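Remarks on the structure that follows.
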Amino acid sequence: MIPPTIVASRNELNTALLAWRKADKSIGFVPTMGALHAGHISLIHEAVGTCDVVVVSIFINPTQFNKAEDLAQYPKTLEADLLLLNNFTDVIIFVPEVSEIYQNNVEPSKIDFDSICERLEGKFRPGHFDGVAQVVEILFNIVQPQKAFFGQKDYQQVLVVKQLVKVLELPIEIIACPTKREFNGLAMSSRNLLLNEQEINAAEIIWKTLCFVQENKDKYSINELQKLATAFFNEGGLSLEYLEIVNAADLSPVKDWVQDCVCCIAAFCGKVRLIDNLVLN
Ligand code: PAF
């Protein structure tokens, strides 16, 4: 049982992992941008439960922010994050600087994402998934895990990472873990730290709308339900960016309920952009 080691460089991380690699132990990886919450902690528990050693990275990746002010306002709570991780054993915390990650100016691999990146988030945050794919590829190359754990809240990100692993033929299993929710159903997110109490209450309309869609799925066509759900959502006072019911496998548009569908929502609550989704039964 080894308490968390904190490392900042690739070399230090390799040294910390050396004995584990030599003993052929399994490495789990939980990439994060910090501001850790119960959602992240559940990913780490899942990783610790299925791997011999777990690397948790805390790195706010500048290349995935398409707006400078979004990067500037992203919560930075490193001290509290490290405290939260203090009780984990057999965990290595990787906290690199930007220069450590992007030290070689290596061009990201050209990956065919089959249009997944262009839909939903991709439309509203151009370049976002290029940045995510870029940093995840670099982190995967550094950590070389057997398993990597991601939250289902970022549904599209999970699809993008799965496609990245498939195209690059990386021997990494991607595990998507269920979304953790606040008392009112609001999906846990680092960005929730930027909401005041009133906004947290107002933001419950996102989960309520997802439940509304689930409950009414068998009564309406997709087109009708999307319209009804949008009207339901708009009663809540948030500013909707998109509410779409799409193919759960690749987020492509759907006309009928034949295939598995997911409802995805993105909205502004005050200045804070929130996303959530529900795979429909
Ligand atoms: O989901 C996140 O926190 C980030 O997109 C990730 C996967 C850590 C890459 O920066």
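The values are calculated or read from the model by the stated rules, or taken from the named source; none is laboratory data. Note that the structure is predicted; figures quoted are calculated from it, not measured. Backbone-built Cβ (ideal geometry, glycine too); neighbour counts: all protein chains shown.
Only a single item in (1) within 20 Å of LEU159 (Cβ to Cβ); (2) without any contact (Cβ under 8 Å) to a residue 40 or more places away in the chain; (3) part of a loop (DSSP other than H, G, I, E, B) is not met by ILE245, and it is number (3).
Here GLN134, GLN157 are screened, and the one residue that is under 30 Å from ASN104 (Cβ atoms), modelled with pLDDT of 95 or more and in contact with a Pro (Cβ under 7 Å, 6 or more places away or on another chain) is GLN134.
Take the residues of the stretch 165-180 that are of a type in the set (A, V, I, L, M) and assigned to a helix (DSSP H, G or I): which is surrounded by the most Cβ atoms within 10 Å (Cβ to Cβ)? Talk me through it step by step, then tell me what you get.
To start, the set of residues in the stretch 165-180 that are of a type in the set (A, V, I, L, M) comprises 165, 167-168, 170, 172, 174-176.
Still in the list and also assigned to a helix (DSSP H, G or I): 165, 167.
Values: VAL165: 18, VAL167: 15.
Result: VAL165.
Of all residues in the stretch 34-66, those that are within 11 Å of the ligand (Cβ to nearest atom), touching a strand residue (DSSP E or B) at 6+ places or on another chain (Cβ under 7 Å) and within 20 Å of GLU100 (Cβ to Cβ) total 4. GLU69 meets each of the listed conditions (1) surrounded by 14 or more Cβ atoms within 10 Å (Cβ to Cβ); (2) without any contact (Cβ under 8 Å) to a residue 60 or more places away in the chain; (3) of a type in the set (Asp, Glu); (4) more than 14 Å from the ligand (Cβ to nearest atom) apart from (1).
If you go through the stretch 75-98 and keep only what is in a loop (DSSP other than H, G, I, E, B), surrounded by 14 or more Cβ atoms within 10 Å (Cβ to Cβ) and more than 15 Å from the ligand (Cβ to nearest atom), you end up with PHE88, ASP90. Among the residues of the stretch 181-208, those that are touching a Lys or Arg at 6+ places or on another chain (Cβ under 8 Å) and either touching a residue at least 60 places away in the same chain (Cβ under 8 Å) or part of a helix (DSSP H, G or I) (or both) comprise ALA187, MET188, SER189, ARG191, LEU194, TRP207. Take ILE27 and decide whether it is in contact (Cβ under 8 Å) with a residue 24 or more places away in the chain, hydrophobic (A, V, I, L, M, F, W, C) and within 15 Å of the ligand (Cβ to nearest atom). No, not satisfied.
Residues of the stretch 213-236 that are surrounded by 19 or more Cβ atoms within 10 Å (Cβ to Cβ) and either in contact with a Leu (Cβ under 8 Å, 6 or more places away or on another chain) or under 21 Å from GLU182 (Cα atoms) (or both): VAL213, ALA229, PHE233.
So, GLU107, is that one among the acidic types (Asp, Glu) and within 12 Å of the ligand (Cβ to nearest atom) or not? No.
Looking across the stretch 137-154, the residues that are more than 24 Å from ASN104 (Cβ to Cβ) and in a loop (DSSP other than H, G, I, E, B) come down to GLN146, GLN152, LYS153, ASP154.
Contact map, the stretch 141-167: residues that are over 16 Å from ILE44 (Cβ atoms) and within 14 Å of the ligand (Cβ to nearest atom) paired with residues that are hydroxyl-bearing (Ser, Thr, Tyr) and not in a loop (DSSP other than H, G, I, E, B), Cβ distance under 9 Å, separation 6+ or inter-chain. Pairs shown: ILE142/SER57.
The residue that is nearest to THR5 (Cα to Cα), counting only those in the stretch 110-125 that are outside any helix (DSSP H, G or I) and more than 16 Å from the ligand (Cβ to nearest atom), is LYS110. Of all residues in the stretch 1-53, those being crowded, with 18+ Cβ neighbours inside 10 Å, over 21 Å from LYS153 (Cα atoms) and among the β-branched types (Val, Ile, Thr) number 3.
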